[in-house]
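Some notes on the structure that comes next.
Derivation of every value follows stated rules applied to the coordinates shown; laboratory data play no part. Just so it is clear, the model here is predicted, and its values are computed rather than measured. Neighbour counts are summed over all protein chains in view; Cβ atoms, including those assigned to glycine, are modelled from backbone coordinates with ideal geometry.
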């Protein structure tokens with residue numbers, strides 16, 4: 001009777017150890033990926049802050065609404081990037097990138113909007129550069145959606161500038 005119990009418990013212990021090993025492997029996140037995702041999160045937070053400032057400066061009600069929508073997207077992406085870092089076992093940054101100061105340094109409002117779009121293009125380029133090295137399918141899907149969202153926002157802001165909305 002004693003032997004049977006020992007044999008019954010032993011396989012469960014092995015399974016438990018296998019699960020623990022899997023969890024340990026999951027918790028160790030690639031430093032390069034963690035740095036990339038945190039850099040992107042910091043850039044998104046900076047974009048969100050810039051957009052809030054530009055919304056206050058916009059004269060056109062339509063442009064104000066567009067900038068609020070884009071700011072909402074930036075906040076969503078920043079939050080999701082942090083969640084992805086944590087899901088993959090990393091430590092999410094809560095810093096804000098230096099893009100805020102770069103935009104503030106531009107003298108005219110239209111120039112600030114153009115720099116904002118260059119920043120949006122930078123995000124897309126960084127995603128495109130890093131996507132081939134990312135093996136996590138959920139993260140790949142999120143980054144593709146994020147890049148598409150940035151394409152849409154660039155187009156909307158370019159249209160607003162063409163229409164003379166300031």
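For this structure, a couple of remarks:
- Taking every Cα-Cα distance in segment 29-162 and sorting them into 5 Å bins from zero, the calculated P(r) comes out as 2, 11, 22, 24, 18, 12, 7, 4, 1, 0 percent.
- Calculated FRET value between residue 60 and residue 94, using beta carbons and R₀ = 45 Å, to 0.05: 0.85
- Segment 29-162: relative contact order in percent, alpha carbon pairs under 8 Å with at least 6 residues between: 29 percent
- Site pair residue 83 and residue 124 shows an inter-label distance of 2.5 nm when each label is modelled 7 Å from Cα along Cα→Cβ.
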